[in-house]
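Worksheet: one structure, shown below.
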Amino acid sequence: MIELSGVTKVFNPGRPDEVPAVAAGDLRVGAGEFVSLIGPSGCGKSTLLRLIADLLPPTAGTVTVAGKPAAQARKERRYGMVFQKAGLFDWRTVRRNVELPLELRGTGRSERRARAQEMLELVGLSDFAGHYPAQLSGGMQQRVSIARALADAPPLLLMDEPFGALDEMTRERLQGELLRICAATGTTVVFVTHSIDEAVFLSGRVVVMSARPGRVTEVVEIPLGERNEAVRQAPEFFEAVTEVRRALRAPKSEEAPEAAESPKNTSVPAQLEAS
Ligand SMILES: Nc1ncnc2c1ncn2[C@@H]1O[C@H](COP(=O)(O)OP(=O)(O)OP(=O)(O)O)[C@@H](O)[C@H]1O
Ligand SMILES: [Mg+2]
């Protein structure tokens with residue numbers, strides 16, 4: 001579904017304010033996979049999502065989505081995106097914000113209404129359909145933006161800390177709902193989070209990035225099988241959390257001296273095949 005090949009991003013190259021933001025290298029995400037990106041603040045996670053979404057051009061390398069250049073995938077609206085900030089249109093009601101992707105697709109009015117209603121129920125905001133974004137709390141606005149991203153059932157979802165502003169109970173409920181929807185529709189998800197627990201609960205693989213310029217230092221497989229609330233208490237869950245925490249502190253590629261000497265491993269972004 002996603003293929004990054006030799007991707008780097010440098011902001012303002014050649015200027016005094018030049019920032020080498022991402023050296024993601026090669027990364028592949030298979031159709032139907034749920035992959036999380038985790039790493040310290042400023043390591044380039046949002047930038048990486050924007051590169052996949054073709055909201056930024058890479059400085060080097062190529063991005064392919066569903067076998068097509070990222071720009072074409074964007075034109076064909078192959079993905080939905082939830083940003084770190086809700087990014088709603090202030091002059092549109094909650095309902096009409098959620099309807100927007102369907103409007104852009106030319107979906108008829110009654111179908112749009114029904115679908116928006118369904119999505120708003122999912123995020124627990126059906127009573128606020130007629131409100132304007134400024135009348136909602138930050139977390140409620142973020143839930144509207146999640147409803148909007150899901151409204152036209154895109155094959156790929158790019159989510160940037162979508163649950164960061166939510167209370168723990170709402171967050172856990174939406175995590176469960178998101179997994180349910182993705183499993184039912186075969187949606188591929190790339191999910192940015194600062195929470196190790198969240199990354200482990202949601203993902204098949206967790207991509208661990210280092211500080212700026214963000215490199216993929218390790219990819220941790222999460223062998224947890226089907227997710228339900230009991231998984232959060234399972235010993236395997238805590239083992240996976242420990243493993244991701246270890247990868248964030250001391251990635252294997254920096255630990256193993258023989259490996260670090262081999263030229264294959266010195267350029268940290270190893271070839272990351274979809275499982
Ligand atoms: N438009 C831009 N122009 C210049 N530099 C930028 C721009 N956007 C991001 N950067 C820089 O790129 C680096 C990576 O930023 P990015 O937003 O991707 O980090 P992040 O991993 O998402 O951080 P956080 O976890 O805090 O959201 C930062 O050093 C930031 O200053
Ligand atoms: Mg970010």
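The values are calculated or read from the model by the stated rules, or taken from the named source; none is laboratory data. None of the values given here were measured: they were computed from a predicted structure. Neighbour counts are summed over all protein chains in view; Cβ atoms, including those assigned to glycine, are modelled from backbone coordinates with ideal geometry.
Which residues, taken from region 93-117, are free of Cβ contacts under 8 Å to residues at least 12 places away in the same chain and among the polar types (S, T, N, Q)?
Ser110
When the residues of region 136-149 are narrowed to those that are without any contact (Cβ under 8 Å) to a residue 40 or more places away in the chain and surrounded by fewer than 19 Cβ atoms within 10 Å (Cβ to Cβ), which ends up nearest to the chain's Cα centre (by Cα)? Don't jump to the end; show me each part of the working.
Step one: list which residues in region 136-149 are without any contact (Cβ under 8 Å) to a residue 40 or more places away in the chain, which gives 137, 139-140, 143.
Filter once more, keeping what is surrounded by fewer than 19 Cβ atoms within 10 Å (Cβ to Cβ): 137, 139.
On the way: Ser137: 23, Gly139: 18 Å.
Within region 136-149, the match that is nearest to the chain's Cα centre (by Cα) is Gly139.
Can you pull out every residue in region 112-135 that is surrounded by fewer than 18 Cβ atoms within 10 Å (Cβ to Cβ) and in a helix (DSSP H, G or I)?
Arg113, Ala114, Gln117, Glu118, Glu121, Ser126, Asp127, Ala134, Gln135
For region 158-204, how many residues meet the condition of being assigned to a strand (DSSP E or B), assigned by TED's automatic domain parsing to the domain that holds Val29 and within 16 Å of ligand 2 (Cβ to nearest atom)?
Of region 158-204, the ones assigned to a strand (DSSP E or B) are 158-160, 188-192.
Checking the rest, the ones that are also assigned by TED's automatic domain parsing to the domain that holds Val29 come to 188-192.
Checking the rest, the ones that are also within 16 Å of ligand 2 (Cβ to nearest atom) come to 190-192.
Within region 158-204, residues that are assigned to a strand (DSSP E or B), assigned by TED's automatic domain parsing to the domain that holds Val29 and within 16 Å of ligand 2 (Cβ to nearest atom) number 3.
For region 34-70, give me each residue that is farther than 22 Å from Pro13 by Cα, surrounded by fewer than 20 Cβ atoms within 10 Å (Cβ to Cβ) and not hydroxyl-bearing (Ser, Thr, Tyr).
Pro40, Ala66, Gly67, Lys68, Pro69 - these are the residues of region 34-70 that are farther than 22 Å from Pro13 by Cα, surrounded by fewer than 20 Cβ atoms within 10 Å (Cβ to Cβ) and not hydroxyl-bearing (Ser, Thr, Tyr).
Would you confirm whether or not region 17-35 contains a residue that is in contact (Cβ under 8 Å) with a residue 24 or more places away in the chain, assigned to a loop (DSSP other than H, G, I, E, B) and either within 15 Å of ligand 1 (Cβ to nearest atom) or not assigned by TED's automatic domain parsing to the domain that holds Asp197 (or both)?
Scanning region 17-35, I find no residue that is in contact (Cβ under 8 Å) with a residue 24 or more places away in the chain, assigned to a loop (DSSP other than H, G, I, E, B) and either within 15 Å of ligand 1 (Cβ to nearest atom) or not assigned by TED's automatic domain parsing to the domain that holds Asp197 (or both), so the answer is no.
Please verify whether Gly39 is within 16 Å of ligand 2 (Cβ to nearest atom) and in contact with a helix residue (DSSP H, G or I) (Cβ under 9 Å, 6 or more places away or on another chain), treating the condition exactly as stated.
In short, yes.
Which helices (runs of 4 or more DSSP H) does region 42-111 wholly contain that include 2 or more residues that are more than 16 Å from ligand 2 (Cβ to nearest atom)?
70-75, 94-105
What about Val231, is it at pLDDT 90 or above and either closer than 30 Å to Asn12 by Cβ or in a loop (DSSP other than H, G, I, E, B) (or both)?
Taking the combined requirement at face value, the residue does not satisfy it.
Considering only region 28-81, how many residues are within 19 Å of Ile146 (Cα to Cα), touching a Lys or Arg at 6+ places or on another chain (Cβ under 7 Å) and β-branched (Val, Ile, Thr)?
Number of matching residues: 1.
Failed condition for Ala247, given (1) surrounded by 17 or more Cβ atoms within 10 Å (Cβ to Cβ); (2) out of contact with any helix residue (DSSP H, G or I) (no Cβ under 9 Å at 6 or more places or on another chain); (3) modelled with pLDDT under 90, with all others met?
For Ala247, the exception is condition (3).
Scan region 137-182 for residues that are touching a Ser or Thr at 6+ places or on another chain (Cβ under 9 Å) and of a type in the set (Val, Ile, Thr) and report the count.
Number satisfying all stated conditions: 1.
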